[in-house]
1. Can you give the alpha-carbon Rg of the protein assembly as shown over 2.2 N^0.38 Å, where N counts its residues?
2. Tell me, what HN-Hα J-couplings in whole Hz come from the Karplus equation 6.51 cos²θ - 1.76 cosθ + 1.60 at θ = phi - 60° for each residue of the stretch A:40-57, using x for Gly and Pro?
3. How much of the calculated P(r) for the stretch A:3-157 lies past 25 Å, in percent of all Cα pairs?
4. Between A:L68 and B:K75, what FRET efficiency follows from the Cβ-Cβ distance if R0 is 41 Å, with the result rounded to 0.05?
5. Given a cut-off of 15 Å, what percent of all Cα-Cα pairs of the stretch B:70-124 lie beyond it?
6. Quick one: net charge around B:Y175, please, counting Lys, Arg +1 and Asp, Glu -1 for every other residue with C-beta under 10 Å from its C-beta.
7. Quick one: which residues, 5 or more positions from B:I63 or on another chain, have an amide H under 5 Å from its amide H? H modelled 1.01 Å from N in the peptide plane, none for Pro or chain starts.
8. Would you please name the GluC sites (Glu not before Pro) within the stretch A:66-172 that are DSSP coil residues with at most 14 other C-beta atoms within 10 Å of their C-beta?
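Since every read-out is calculated from the coordinates, none of them should be taken as a lab result. None of these values were measured; they are calculated from a predicted model. Backbone-built Cβ (ideal geometry, glycine too); neighbour counts: all protein chains shown.
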There are 2 protein chains.
Amino acid sequence: MTWKDKLGLVHIYTGNGKGKTTAAFGLAVRMLGSGGKVAIVQFMKAPKAYGEQKKIEECGALIESFGLPKFVHGKPTEEDIEAAKRALARAKELASSGEWDLVIVDEVCVALGFNMLDVGEVRELIKSKAPHTELVLTGRYCPEELFELADYVTEMREIKHPYQRGVIARRGVEY
Amino acid sequence: MTWKDKLGLVHIYTGNGKGKTTAAFGLAVRMLGSGGKVAIVQFMKAPKAYGEQKKIEECGALIESFGLPKFVHGKPTEEDIEAAKRALARAKELASSGEWDLVIVDEVCVALGFNMLDVGEVRELIKSKAPHTELVLTGRYCPEELFELADYVTEMREIKHPYQRGVIARRGVEY
């Protein structure tokens, strides 16, 4: 029995606070540092738009981002919904293949919150994962009914954030 | 004015949930990916004991860990307290030098919780940082009086964790 045989649990990072995607990327670093294989599928985020994307790839992870360059506000377009469907299909493929020690499905809960996906589809993603693949789902708006399928659930709760006084997203910190 | 001129805020990741150190390491990846310089000082954690330490160094961060190999349980020894003092002095040196875009002081709040440091010393660390250095403090037990000195405060709140059913720390995931 190796350390990899102990893998296979499901994590959810949700809540309105800072640190959900960043914690998932931190886990990626930890898994890569242990010699594990990491794949990241991103909903809602465009490729090559964020500082962490290129870097985590350099560090040895596979990362595929399915968001459109224009961020979704309000009602998603047909194109946004199609992108989300493609992201889900890809996440399922990676999580069920058995080839990855850690699969991160970033912002999938936001896609749920925007009704771009059905919660049943995300249940299916979780249930179809390979037994020894650790799976991480992130994003605010995670419906509580998914908590029962997860082993770890952490709510990032915002106590203080500088946008309350007008600080907007900054390179290197928020993206 | 460059993007680096917008740096200089203070973050706290606290609470009993998973993802505090990992979120800080994720931020490190983001900052490195943006071309920023990152230094990490760790309290409570021994060097080369964790998967993320070697990896984040390979990714370009400076990381120095001041914990003793034997983890502190109960009352810290003189040696533990001395290690914490050294960690604090080093954190101050790095944060005040102006040479770093992001300085992470990992588990400093736990050292406070174990009374290995005085809260006044951590206030001083925050106040002595260079204006354009982004500073991140992590660890459960953060005293609320430090919240006023921070721009971001996020509580990682544990909703579910598998140790509740006997799953202990696993390589690649918890360390």
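1. Rg over 2.2 N^0.38 Å, computed on Cα atoms: 0.95.
2. Computed from phi, the couplings for the stretch A:40-57 are 10, 10, 10, 7, 6, 10, 7, x, 6, 9, 10, x, 6, 5, 5, 5, 5, 5 Hz.
3. The calculated P(r) of the stretch A:3-157 puts 21 percent of pairs beyond 25 Å.
4. On the way: r = 55 Å, r/R0 = 1.35.
With a Förster radius of 41 Å, E is 0.15.
5. Details: 704 of 1485 pairs.
Value for the stretch B:70-124 (Cα pairs over 15 Å): 47 percent.
6. Values: positive: A:R30, B:K45, B:R170, B:R171; negative: B:E52, B:E174.
So the environment of B:Y175 carries a net charge of +2.
7. B:I40
8. Working: sites: A:E78, A:E79, A:E82, A:E93, A:E99, A:E107, A:E121, A:E124, A:E134, A:E144, A:E145, A:E148, A:E155, A:E158; in loops: A:E99, A:E107.
Sites meeting the loop and neighbour criteria: A:E99.
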